[in-house]
Amino acid sequence: MKRKQLETNRRSATEVQQRIQQTLMQRGFTFDIISEAIQTFWEEEDEDVEVVACRKQAEKLSRKFSGYDAFERKQRMKMQLRRKGFPYDVIERTLDRLAEEES
């Protein structure tokens with residue numbers, strides 16, 4: 001599977017992992033092999049990949065929800081980012097940085 005297909009810079013770790021599992025299962029691999037492949041994949045990835053992906057999604061959502069007041073926009077962004085599988089701590093750090101930059 002090509003990394004480009006996964007678009008890791010736009011997806012949460014959860015989404016990427018699910019796509020890897022799904023693709024490998026469709027191709028007939030056993031669960032043990034899939035688990036090993038996922039573990040190897042994440043060992044090679046930079047730790048900040050998920051932060052970068054969250055930031056890209058947050059910037060997109062910020063534009064989408066620009067018509068709302070600051071509190072409402074932040075709440076809607078949190079909800080959407082959580083649905084995409086990003087952890088709460090990554091979401092909070094990302095939204096705090098965006099708010100600082102906008103100020």
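The values are calculated or read from the model by the stated rules, or taken from the named source; none is laboratory data. Model, not experiment: these values are computed from the prediction. Quick reminder, even Gly has a Cβ in these numbers, built from the backbone with ideal geometry, and neighbours come from all protein chains shown. For accessibility, only protein heavy atoms count, side chains too; no ligands or nucleic acids. Shrake-Rupley method; radii C 1.70, N 1.55, O 1.52, S 1.80 Å.
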request  = Check off (1) under 16 Å from the mean Cα position of the chain (by Cα); (2) open to solvent by 40 Å² or more (accessible area, probe 1.4 Å) for V51 and give me the number that stays unchecked.
outcome  = (2)
ask   = In the stretch 65-75, which residue that is part of a loop (DSSP other than H, G, I, E, B) and under 14 Å from E102 (Cβ atoms) is least open to solvent (accessible area, probe 1.4 Å)?
value = F65
task = Evaluate the following for S62: is it surrounded by 12 or more Cβ atoms within 10 Å (Cβ to Cβ), among the polar types (S, T, N, Q) and under 18 Å from the mean Cα position of the chain (by Cα)?
result = yes
inquiry  = Pairs please, first residue from the stretch 80-103 and under 10 Å from S12 (Cβ atoms), second anywhere and of a type in the set (S, T, N, Q) and open to solvent by 100 Å² or more (accessible area, probe 1.4 Å), Cβ atoms under 9 Å, 6+ apart in sequence or on different chains.
reply    = G85/Q18
remark   = Of the conditions (1) at pLDDT 90 or above; (2) in contact with a helix residue (DSSP H, G or I) (Cβ under 8 Å, 6 or more places away or on another chain), the single one that R83 does not satisfy is (2)
key: Verdict on K78 being in a helix (DSSP H, G or I), basic (K, R) and open to solvent by less than 70 Å² (accessible area, probe 1.4 Å)   = yes
